[in-house]
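Trainee: Once you've had a glance at the structure underneath, I'll fire off some questions.
Just so it is clear, none of the values below were taken in a lab; they were calculated from the coordinates. Note that this is a predicted model, so its numbers are computed, not measured. Every residue, glycine among them, receives a Cβ derived from its backbone with ideal geometry; neighbour counts consider all protein chains shown.
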Amino acid sequence: MKLQGKTIVLGVTGGIAAYKSADVVSRLKKQGADVYVIMTQNSTQFISALTFQSLSQNYVVTDMFEDPKTWDVEHIALAKRADLFLIAPASANVIGKIAHGIADDMLTTTVMATEAPVYLAVAMNTKMYENPILQNNLATLKSYGYHIIDPGSGRLACGDVGAGKLAEPERIVNEVIAYFEKEALNLAPKALAGKRLLITAGPTRESIDPVRYISNESSGKMGYAIAKVALEMGADVTLVSGPTSIKAPEGVRLIPVVSTQEMFDAVMDNKEVDVIIKAAAPADYRPAQMSLEKIKKKDSSMQIEMVKNPDILKTLGEIKTNQLLVGFAAETQNLKAYALGKLNEKNLDFIVANNVAEKGAGFDGDTNIVTIYDRNGTETAYDCLEKEQVAKIVLDRVVQKLSV
């Protein structure tokens, strides 16, 4: 269990989203965490302390001045006990109080006393969330090192439609897990120290004329996440990236490219590394000829002759010597068959496959749902995870392969 041995203090504030906090507690417990809940008086109007006591199997604090249940000074004891402090939902009221150092109840007093990382999962009416005072308070908390879990968008309990919905419990718990995974990564020996990694990311663009091009929906987020985590694991990272809006992690050597041919050339120029991870989605075809002038619209249909681009991954598989070669397969059907075909045809060590038509696994999202098919015949499927978590899984597999 990913949170085994960790103590999470959960603050629950007043708001209709408080009912989701019960699911958060349940999920944290299933991951092995010891959970203590502090409720504001307002939150008890929406959900009972008994619910949280049953789920957490710990006494729930609701009143700063009730008789103490232990000889410890309770807010100090919980502040010291916490490995991570989570407030979900975090209302505008409690955000404002924490941002300005107001400690007038058990929750705000305990937050003020803790040295643990604090995560606030924001939830409120859209207009409240958009209010510049609230946004300034969030900016202040971020400057102090607090972690903000932004709300989702949709129809709110008040009837408004917009930003302000509490993030889904699964996402909140994944944020908590990601913190401890990153902490463990920072404390652990650098598993990829001394290793050179070449990573590709993003789409490519194939020009039709000076103002039009053919491309795809790839955002580059998966490749950039791999580059970031690889850097944290001590690797020397070169990132060959098609056009994206993402800033490369500081310390990564970035080689920006536009077309598939440019990506092919950049990869071939830098292929003398220990590991190559092809997470990019280069265009398979390009126009046979680019028009030097903008093609004008006509009444009749337009046909564009296409020619095949070089297959970067297949070429790498054909010429590889001692490199570890990892591919990605973004499919919409027959995932296993296509992934295994690509694994064998392109001489890969393992392949990370996902169905981009599946919710949570699309190109431009922050999450992915992957299955890893290995050269040794193993098949490992993973639930929906943040892309940095997927990156860690992929790189852990790389470390295992390198150690064999």
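Trainee: Give the angle, between 0 and 90 degrees and rounded to the nearest 10, that separates the Cα long axis of helix 335-345 from the longest principal axis of the Cα atoms of the chain.
Mentor: Here the helix axis deviates by roughly 50 degrees.
Trainee: Still on this structure: I need the phi-derived Karplus couplings for region 14-20: 6.51 cos²θ - 1.76 cosθ + 1.60, θ = phi - 60°, integer Hz, Gly and Pro marked x.
Mentor: Result, ordered by residue: x, x, 4, 5, 4, 5, 5 Hz.
Trainee: Given Cα pairs under 8 Å that are at least 6 residues apart, what percent is the relative contact order of region 7-184? Mind dumping the intermediate values first?
Mentor: On the way: 340 pairs, mean separation 40.0, N = 178.
Worked out over region 7-184, it gives 22 percent.
Trainee: Counting other Cβ atoms within 10 Å, keep those with at most 14, restrict to DSSP loop, and tell me which GluC sites (Glu not before Pro) in region 201-291 are left. Walk me through the intermediate numbers first.
Mentor: Working: sites: Glu206, Glu217, Glu232, Glu250, Glu262, Glu272; in loops: Glu217, Glu250, Glu272.
Within region 201-291, the qualifying GluC sites (Glu not before Pro) (loop, at most 14 other Cβ atoms within 10 Å) are Glu217, Glu250, Glu272.
Trainee: Another question, then. With n ≥ 4 as the cut-off for DSSP H runs, can you work out [θ] at 222 nm for the chain, using -39500 (n - 2.57) per run divided by the number of residues, rounded to the nearest 500? Walk me through the intermediate numbers first.
Mentor: Values: 13 runs with 139 residues, N = 404.
Taking each H run of at least 4 residues, the total per residue is -10500 deg cm²/dmol.
Trainee: A further question on this structure: Only four residue types carry charge here, +1 at the Cβ of Lys and Arg and -1 at the Cβ of Asp and Glu. Report the dipole size of region 140-287 about the Cα centre in Debye, rounded to the nearest 20.
Mentor: Details: 17 positive and 19 negative charges, 27 e Å.
The dipole of region 140-287 has a size of about 140 debye.
Trainee: Here's another thing I want to ask about it. In percent, how large is the relative contact order of region 315-404, given Cα pairs closer than 8 Å and 6 or more residues apart? Could the numbers behind the result be given before it?
Mentor: Numbers: 138 pairs, mean separation 19.7, N = 90.
Computed over region 315-404, the figure is 22 percent.
Trainee: Pick from Met290, Met302, Met263: which residue has the top mean-square fluctuation in a GNM of the chain where Cα pairs under 10 Å get a spring?
Mentor: Comparing Met290, Met302, Met263 in a Gaussian network model of the chain, the most mobile one is Met302.
Trainee: How big is the dipole moment of the chain about its Cα centre under a simple scheme where the beta carbon of each Lys and Arg is +1, that of each Asp and Glu is -1, and everything else is neutral? Debye, nearest 20, please. Numbers along the way, then the final one.
Mentor: On the way: 44 positive and 48 negative charges, 142 e Å.
Here the chain has a charge dipole of around 680 debye.
Trainee: At most 14 other Cβ atoms within 10 Å and a DSSP loop assignment: could you name the trypsin sites (Lys or Arg not before Pro) in region 153-247 that fit?
Mentor: Working: sites: Arg155, Lys165, Arg171, Lys182, Lys190, Lys195, Arg196, Arg205, Arg212, Lys221, Lys228, Lys247; in loops: Lys190, Lys195, Arg205, Lys247.
Sites meeting the loop and neighbour criteria: Lys190, Lys247.
Trainee: What per residue convex hull volume, in Å³, comes out for the chain when only alpha-carbon positions are used? Each step should come with its number before you reach the end.
Mentor: Numbers: hull volume 73.1 nm³, N = 404.
So the per-residue Cα hull volume is 181 Å³.
Trainee: For the chain, what relative contact order do you get, as a whole percent, if you take Cα pairs closer than 8 Å and at least 6 residues apart? Don't jump to the answer; show the numbers that get you there.
Mentor: Details: 832 pairs, mean separation 42.3, N = 404.
Once divided by the residue count of the chain, the mean separation gives 10 percent.
Trainee: What lysines does Lys30 reach when the alpha-carbon gap must be under 28 Å and sequence neighbours fewer than 8 apart in one chain are set aside?
Mentor: Lys2, Lys6, Lys20, Lys69, Lys80, Lys165, Lys182, Lys359, Lys387, Lys392
Trainee: Quick one: angle between helix 221-232 and the longest Cα principal axis of the chain, in degrees between 0 and 90, rounded to 10, please.
Mentor: That works out to roughly 70 degrees.
Trainee: Considering the options Val237, Val111, Pro282, tell which one lies farthest towards the positive end of the dipole of the chain, charges being +1 on Lys and Arg and -1 on Asp and Glu at the Cβ, about the Cα centre.
Mentor: Of the candidates, Pro282 comes out farthest on the positive side.
Trainee: At most 15 other Cβ atoms within 10 Å plus a DSSP loop assignment makes a site exposed; report the longest stretch of the chain without any exposed chymotrypsin sites (Phe, Trp or Tyr not before Pro).
Mentor: 145-381
Trainee: Let me ask you something else. Which Cα, out of Leu197, Gly15, Thr140, lies furthest along the positive dipole direction of the chain (beta carbon charges, K/R +1, D/E -1)?
Mentor: Leu197
Trainee: Between rounded, prolate and oblate, where does region 7-184 land on the alpha carbon gyration tensor, with a ≥ b ≥ c its root eigenvalues, rounded for a/c under 1.5, else prolate if a/b exceeds b/c?
Mentor: Values: a/c = 1.35, a/b = 1.32, b/c = 1.02.
Here region 7-184 falls in the rounded category.
Trainee: Filter the GluC sites (Glu not before Pro) in region 91-176 down to the DSSP loop ones having no more than 12 other Cβ atoms within 10 Å, then list what survives.
Mentor: Working: sites: Glu115, Glu130, Glu170, Glu175; in loops: Glu115.
Here the sparse-neighbourhood loop sites are Glu115.
Trainee: In whole Hz, what ³J(HN,Hα) sequence does region 238-244 give by Karplus (6.51, -1.76, 1.60; θ = phi - 60°), x for Gly and Pro?
Mentor: Once rounded to whole Hz, the list reads 10, 10, 9, 10, x, x, 9.
Trainee: Size of the dipole of region 75-195 about the Cα centre, Lys and Arg at +1 and Asp and Glu at -1 on the beta carbon, nothing else charged, in debye to 20?
Mentor: Values: 11 positive and 12 negative charges, 48 e Å.
In total the dipole reaches around 240 debye.
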